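K.L.:
Please see the structure below; I have some questions.
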Amino acid sequence: MRPERVLRLAVLFFLGYLALSFIVGVLVAEATIHPSRRLVSAKDEVRAEEMAHSHEAELADVQIAARDETTLSAWTIRPRNSNGKAIILLHGLSDNRLGMIGYAEMLLGHGFSVLAPDARAHGASGGQLATYGLLESEDIHRSV
């Protein structure tokens, strides 16, 4: 092969690689800031109510108003024999408050009250973007 042809192929390969990297980067970023929503179903509600009942605790739906007026949904679970302490359980990406129900059950058994919120843009909470702390840190402060 002639050197000009090799150089031309190398440049085309490099430009194709850059274009592909850009497209994949945009798709990954888009999927990351717009996580899939796992809604809390009626079956999930029943499961949480049964868990609370088995620990002689009261389960309640609560709404928390974020600074930007986004409504955040959560459960409060309060045991009848509380130790006076409370815990906020935060779920992971593309999950909802039900994902923390096992931890809530363990903590209720030790007398802790539990707040299990759906993060912004997750579950039943409002919001379109997950900002990974930019807005969520204030959401947590308001929850407290």
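Computed from the coordinates by the stated procedures, all read-outs in this text should not be read as laboratory data. The structure presented is a predicted model; accordingly, all values stated were derived computationally and were not measured. Counting neighbours? That spans all protein chains shown, and the Cβs are built from the backbone with ideal geometry, glycine included.
K.L.:
In the range 1-53, what count of residues is obtained for those that are free of Cβ contacts under 8 Å to residues at least 24 places away in the same chain and either under 30 Å from residue 121 (Cβ atoms) or of a type outside the set (Val, Ile, Thr) (or both)?
P.N.:
So the count comes out to 37.
K.L.:
In the range 67-94, what residues are within 14 Å of residue 140 (Cα to Cα), among the aliphatic types (A, V, I, L, M) and assigned to a loop (DSSP other than H, G, I, E, B)?
P.N.:
Matches in the range 67-94: 89, 90.
K.L.:
I'd like the residue in the range 44-58 that is closer than 15 Å to residue 102 by Cβ and surrounded by 12 or more Cβ atoms within 10 Å (Cβ to Cβ) and, out of all such residues, is nearest to the chain's Cα centre (by Cα).
P.N.:
44
K.L.:
Okay, moving on. Suppose we filter the range 95-139 for residues that are of a type in the set (Ser, Thr, Tyr), part of a loop (DSSP other than H, G, I, E, B) and either under 23 Å from residue 77 (Cβ atoms) or touching a Lys or Arg at 6+ places or on another chain (Cβ under 6 Å) (or both); how many remain?
P.N.:
Number of matching residues: 1.
K.L.:
Let me ask something else. So which of 81, 96 ends up being without any contact (Cβ under 8 Å) to a residue 60 or more places away in the chain, crowded, with 17+ Cβ neighbours inside 10 Å and either in contact with a Cys (Cβ under 6 Å, 6 or more places away or on another chain) or of a type outside the set (Lys, Arg) (or both)?
P.N.:
Exactly one residue qualifies, and that residue is 96.
K.L.:
What do you reckon, is residue 32 outside any helix (DSSP H, G or I) and either of a type outside the set (Lys, Arg) or closer than 26 Å to residue 139 by Cα (or both)?
P.N.:
no
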